[in-house]
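The values are calculated or read from the model by the stated rules, or taken from the named source; none is laboratory data. Keep in mind it's a predicted model, so treat the numbers as computed, not measured. Using ideal geometry, Cβ is built from the backbone for each residue, glycine included, and neighbour counts are taken over all protein chains shown.
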Amino acid sequence: FSHYSHFTSPIRRYPDVMVHRLLQHYLDNGKSAAEEEYEAKSQHSSNMESLATSAERDSIKFMQIKFMQDHNDEEFLGVISGVTEWGIYVEIIANKCEGMVRLRDI
């Protein structure tokens with residue numbers, strides 16, 4: 001939609017803060033904001049949020065690997081959490097660590 005905005009609660013994303021500031025600006029009878037400026041800010045914020053999400057996932061995976069290195073010869077109860085054409089993803093119930101089992105290793 002051309003006039004739609006999604007808010008998170010509580011406000012934790014900079015785009016939400018920008019929208020709230022713009023709404024207050026317009027409620028105070030402010031002039032139209034520079035569309036190009038806000039488009040650039042929104043794109044930058046989306047790019048940074050994507051990088052942060054990727055960094056968070058990578059750090060979690062790194063710590064799972066570091067933790068599991070001391071448990072190489074142990075058996076765990078797990079559930080299949082995903083299936084692809086090259087393998088299955090298994091999540092260990094006890095500690096939520098997840099990894100892939102390649103089809104060729106089964």
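Just a few scattered comments:
- A Cβ distance below 6 Å, combined with a sequence gap of six or more or placement on separate chains, defines the contacts here; from segment 82-96, residues that are closer than 15 Å to Phe67 by Cα and without any contact (Cβ under 8 Å) to a residue 12 or more places away in the chain reach no residue that is in a loop (DSSP other than H, G, I, E, B) and of a type in the set (A, V, I, L, M).
- The listed residue being in contact with a Ser or Thr (Cβ under 8 Å, 6 or more places away or on another chain) and modelled with pLDDT of 90 or more, out of Val90, Val83, Val101: Val90
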